[in-house]
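To keep things clear, I will list the structure first and then write my remarks on it.
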Amino acid sequence: MSESFVWRDAGRVVVFRSGGVEQAPRLLREHGFDGFELLTTPRALIGAPELEAAAKATHAVPPGQVPGLAAELLDRARSSRVVALGGGRVIDTAKAIASVSGARVAAIPTTLSGAEMTGIHRLPAGAEARVEAMARPELVVADPEAMTGQAERMLRASAMNALAHGADSLYTPFANPVSRMTALRGADLIAASLDQEPPDRDRAALAQGAILCGYAIDSAAFAIHHVVCQTLVRICGSPHAETNAAILPRAMAFMTPRAPEEIAALAEALGTDPSEIEPRILNLAGNPPGLGEAGADHSKLDQAIESMLIRPELAFTPEPPAREDLEQLIERAW
């Protein structure tokens, strides 16, 4: 699974290659990204001095919510070519900016967030009326070493975010043979890689699994899991990856009677059966902390559930959940 590849797909090019971060300046030039501005973080820049040197300007993306971050950077990142080096927050911020500016976006992920593969993102605060179209990176430089370089606890949480993309896409009204195939193959790669001891782990397989699951959710959209997680992060303040790790095992158990064929296929890809899908995902996640320990504010849970219930994507869930269903699911993850 360590071989490199170039995947051309309807206006998008994915270059999957070991050493991709180091080679990024050349790859960007080859794909028309001269004169780019770079969005990144200090941590990501440590391993990318050549990329920083090649950038016309570099903009740090601090912690925070994407709408506010994108609004602050909208008038500073003015190039028609924007490159994002970092995790999901950084890449989503670049996409949000491009949705208004019309810039071309390239993404160089440093986590397993999958944001590089989707046109799914929030919009710059206060600029919604100026949005031209939701942006999706047209060039992805996927370096498996960079994508899997986090410490083990955070790597597993990030991997659960990736796995959730494939899992949640399986049963939406937009699921199709290609999205299901990529989701299940991605789930298989993620699970097999996480089952290996860290020193022997096939990091390229783990990164490829995240890419495939990201493709699946971009094709088939999402349902209950992402509605719950996105809303908890936004309102209750829990960290994104840790929220996915806490919710995913319970969400898949919740979905087992609602989407039995799809969950059976997912369980098989994960090397288990549907009745054991919750403990299996908990094991893959490294038995993560609950939402409370991760920092979620329980006093805002009612507000969060109200927001979940009016999200249109919740209706993409077979037998859409009622308030009490959401309450029980989330409390089990607390």
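Scanning the stretch 79-93 for residues that are part of a strand (DSSP E or B) and among the basic types (Lys, Arg) yields a single hit, Arg81.
Results for (1) over 27 Å from Leu206 (Cβ atoms); (2) exposed (fewer than 13 other Cβ atoms within 10 Å of the Cβ), shown as yes or no for each residue.
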{"site": "Thr272", "(1), (2)": "no, no"}
{"site": "Ser275", "(1), (2)": "no, yes"}
{"site": "Ala285", "(1), (2)": "no, no"}
{"site": "Ala322", "(1), (2)": "yes, yes"}
{"site": "Trp334", "(1), (2)": "yes, no"}
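Taken over the stretch 124-141, the criterion of being buried (at least 19 other Cβ atoms within 10 Å of the Cβ) and closer than 17 Å to Gly68 by Cβ is satisfied by Pro124 alone.
Residues checked against (1) under 17 Å from Pro173 (Cα atoms); (2) in contact with a His (Cβ under 6 Å, 6 or more places away or on another chain); (3) not β-branched (Val, Ile, Thr):
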residue: Val228; (1), (2), (3): no, no, no
residue: Arg234; (1), (2), (3): no, no, yes
residue: Ser238; (1), (2), (3): no, no, yes
residue: Glu242; (1), (2), (3): no, no, yes
residue: Pro249; (1), (2), (3): no, no, yes
residue: Ala253; (1), (2), (3): no, no, yes
residue: Ala259; (1), (2), (3): yes, no, yes
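Every listed requirement among (1) over 20 Å from Ala192 (Cβ atoms); (2) surrounded by fewer than 24 Cβ atoms within 10 Å (Cβ to Cβ) is met by Ile108 save one, (2). Among the residues of the stretch 53-90, the ones that are at positive phi and surrounded by fewer than 22 Cβ atoms within 10 Å (Cβ to Cβ) come to 1 in all. Among the residues making up the stretch 142-160, those that are among the charged types (D, E, K, R) and buried (at least 20 other Cβ atoms within 10 Å of the Cβ) are Asp143, Arg156. None of Ala259, Ala246 is under 30 Å from Glu197 (Cβ atoms), within 23 Å of the chain's Cα centre (by Cα) and among the aliphatic types (A, V, I, L, M) except Ala246. Specify the residue that is nearest to Ala267 (Cα to Cα); the eligible residues are those in the stretch 150-175 that are touching a residue at least 40 places away in the same chain (Cβ under 8 Å) and not in a helix (DSSP H, G or I). Result: Leu170.
Determine if the stretch 236-251 includes at least one residue that is of a type in the set (D, E, K, R), modelled with pLDDT of 95 or more, part of a helix (DSSP H, G or I) and closer than 17 Å to Arg180 by Cα. Scanning the stretch 236-251 turns up no residue that is of a type in the set (D, E, K, R), modelled with pLDDT of 95 or more, part of a helix (DSSP H, G or I) and closer than 17 Å to Arg180 by Cα. Tell me, yes or no, whether the stretch 21-37 has at least one residue that is within 18 Å of the chain's Cα centre (by Cα) and in contact (Cβ under 8 Å) with a residue 24 or more places away in the chain. No, the conditions are met nowhere in the stretch 21-37. Scanning the stretch 194-207 for residues that are assigned to a helix (DSSP H, G or I) and surrounded by fewer than 24 Cβ atoms within 10 Å (Cβ to Cβ) turns up Leu194, Asp195, Pro198, Pro199, Asp200, Arg203, Ala204, Ala205. Only residues that are under 23 Å from Leu74 (Cβ atoms), assigned to a strand (DSSP E or B) and not hydroxyl-bearing (Ser, Thr, Tyr) were counted across the stretch 1-53, and they come to 3. For Thr93, the conditions (1) in contact with a strand residue (DSSP E or B) (Cβ under 7 Å, 6 or more places away or on another chain); (2) surrounded by fewer than 24 Cβ atoms within 10 Å (Cβ to Cβ); (3) among the hydroxyl-bearing types (Ser, Thr, Tyr) are fulfilled apart from (2). Residue count for the stretch 141-167 satisfying the condition of being within 14 Å of the chain's Cα centre (by Cα) and not hydroxyl-bearing (Ser, Thr, Tyr): 15. If you filter the stretch 244-260 down to residues that are touching a helix residue (DSSP H, G or I) at 6+ places or on another chain (Cβ under 8 Å) and aliphatic (A, V, I, L, M), you find that the one that is surrounded by the most Cβ atoms within 10 Å (Cβ to Cβ) is Ala245.
Scanning the stretch 54-68 for residues that are without any contact (Cβ under 8 Å) to a residue 60 or more places away in the chain and assigned to a loop (DSSP other than H, G, I, E, B) yields Ala55, Lys56, Val61, Pro62, Pro63, Gly64. For the stretch 202-224, the set of residues classified as over 21 Å from Glu313 (Cβ atoms) and of a type in the set (Asp, Glu) consists of Asp202 only.
The values are calculated or read from the model by the stated rules, or taken from the named source; none is laboratory data. Keep in mind the model is a prediction, meaning the values are calculated, not measured. Cβ coordinates were reconstructed from backbone atoms using ideal geometry, including for glycine residues, and neighbour counts include every protein chain displayed.
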